[in-house]
Amino acid sequence: MLKDFNIYRKEIKEQTVTNSKNIVTDIETFIKKFGDELHKHEDISIIQCALQCNKDSFIYEKALEVAYASNSSLYFKIQTPPKNYDSHVAEFQLPENCTFVCFAHTDNHLLIGTKEGVIELWDRIYCKVIYKYISHTQSIRYIELAPAGSTFLSVSDDGLVKLWRLPSRVDSTPSLVQSNHVPFFGEQQTNFPIRQLCLAQTKETFTSAKEKNKNYYT
């Protein structure tokens, strides 16, 4: 088809539209972009593909007419981002001893678990530690921030789950060491490996663990 367009471009005439040159170009662009996939996969909707073309193109206009006229098919208006679109926001160099990381109060603050069992509250903008939470004796496996953003749970390879308070006000003051926490299971270590946990929307707390394909809930 592309070869035919190239050979007979001058002979192609359109009686109902004024700019046949743009129509041919739009069709060629569509075939180059979607032709191969449409040929390989019969289930792909050509109309849905056409709706991803430029809104000013002949292909998009015709596909939109077909989509509106259809009573049995559902189509989506999907537009590709502009060429200069950049989804990259920022970079942050994690410490070498990092084992887990998640957001804290805002996307400018991070909770970072370490191999030594220390949890650090980092200011991502200034790349500095604001608080250190010290109590675990082994590597941090998992951290879960509460929905309200005021507390978080930590899981360590030492078999302990701890509930921590986040500071109500975060600034760039020098690093503080904080060890106040509430042992989730008491100071007694669990006899099964805790892999993941979460805090519910209410004040109740929920954890889960697995040992030999068994689930534990609290």
Using the alpha-carbon centroid of each, what span in Å lies between the range 24-38 and the range 109-167?
52 Å
For the range 20-65, what is the charge dipole size about the Cα centre, in debye to the nearest 20, if Lys and Arg each add +1 at the Cβ and Asp and Glu each add -1 at the Cβ?
160 debye
Accessible-area order (highest first, 1.4 angstrom probe) of the listed residues Lys3, Lys115:
Lys3, Lys115
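For Cα pairs less than 8 Å apart in space and 6+ apart in sequence, what is the mean separation divided by the residue count of the range 31-75, i.e. the relative contact order in percent? Provide the component values of the computation, followed by the final result.
Numbers: 26 pairs, mean separation 11.4, N = 45.
Once divided by the residue count of the range 31-75, the mean separation gives 25 percent.
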In terms of solvent-accessible area of protein heavy atoms at a 1.4 angstrom probe, what is the ranking of Glu91, Glu120, highest value first?
Glu91, Glu120
Once all protein chains are kept in place, Cys98 shows an accessible area at probe 1.4 Å, nearest 10 Å², of 30 Å²
Carbon/sulfur fraction of accessible area - the range 20-67, other protein chains in place, 1.4 Å, %:
52 percent
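The values are calculated or read from the model by the stated rules, or taken from the named source; none is laboratory data. Being a predicted model, the structure only gives us computed values, none of them experimental. With ideal geometry, Cβ positions are generated from the backbone for all residues, glycine too; neighbour counts draw on all protein chains shown. With ligands, DNA and RNA removed, areas are computed over all heavy atoms of the protein, side chains included. Shrake-Rupley method; radii C 1.70, N 1.55, O 1.52, S 1.80 Å.
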